[in-house]
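Just below is one structure, and these are the notes that go with it.
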Amino acid sequence: MKLLPLPLPPLLSRLPRPPRLSSALLGATVLELAVLAGHLAVYPFGLTPERRPPARPAGAEPGGGGATALPATATTVAAPPPVVLLHGFIDNRSVFLLLRRALLRNGHDHGHHRHRHRHLESLNYSPLTRDIRAAAGLLGRHVEEICARTGHHRVDIVGHSLGGLIARYYVQRLGGDRRVRTLVTLGTPHGGTAVAPWAGVHPIVRQMRAGSSVIEELRAPAPGCRTRFVSFWSELDQVMVPVETACVDHPDLDAVNVRVTGIGHLALPVHPTVAAAIREALDAPVTGEDTAPADGAASVA
């Protein structure tokens, strides 16, 4: 290869300068790489399904005994509902390692109901899953089993990315609003995302695109939906294109969209500030529990 005879400084001076990364985006990118490295280290430990502990009477202290099935009682209703954690595309339950610890460590409520145990379960679905509708049906069967085992009538769900979309389909299209009290989504493409066109070879990725049949079904009317939605979206999320697609925008849904600053897509399930906001959302009473529906937007730093 021959070198150009032209002097390099004058040549380079005529080339357009690359855009300068903002300090916020640079910091978020560094954090994303660190989160990715940590997640790859723990990923193998999440490949196997979570062991289901025996049911414990709601309100009992951790470590107490319990039976394998419980009737619905006043104590059961008073305790926080179980929380189901649902991971994203080509992932597993290990993504919720830190969030799970944060929710268990702070498994108490305010006021006179202190130190109430919060029952948590992480669900895995196969990376070979090809259809959001089928995954939502499987989620529904898991939720029914959890309710039967714990004695609760309803659960809360926290879904990251695709997991949030699967949960929303279950709630909105398969009657899951009967079982799901609060659905928290983290970086979920509610309006469809245009990221990574090459990834469209996978059918479930195509369903996450704007204009897909799944996304259009979620735009359909949903009168009387009983589930409250809390969606966390980040202005630096490089997987959500545009970033506002991670907001719930539906006239029939009781939804709050929470803007997160300074972090990207992978950091949403592990950042302590987000974990605190998730805990607050799960602790808050919802419609039908002596409060009016929440509607609007909020933000966390």
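Every read-out reported here was derived from the displayed coordinates using simple, explicitly stated rules and does not represent laboratory data. A quick note: this is a predicted structure, and the numbers were derived from the prediction, not measured. Because the Cβ atoms are built from the backbone with ideal geometry, glycine has one as well, and the counts that use them run over all protein chains shown.
A few remarks follow.
- Prolate/oblate/rounded call for the stretch 183-268, Cα gyration tensor, a/c under 1.5 rounded: oblate
- With each label modelled as a point 7 angstrom along the Cα→C-beta vector, the LEU174-GLU280 pair spans 3.2 nm.
- Mean Cβ neighbour count within 10 Å, used as a protection proxy, ranking 178-188, 86-96 highest first: 178-188, 86-96
- Per-residue packing, averaged as other Cβ atoms within 10 Å, sorts the ranges 154-164, 39-49, 238-248 into the order 154-164, 238-248, 39-49, beginning with the highest.
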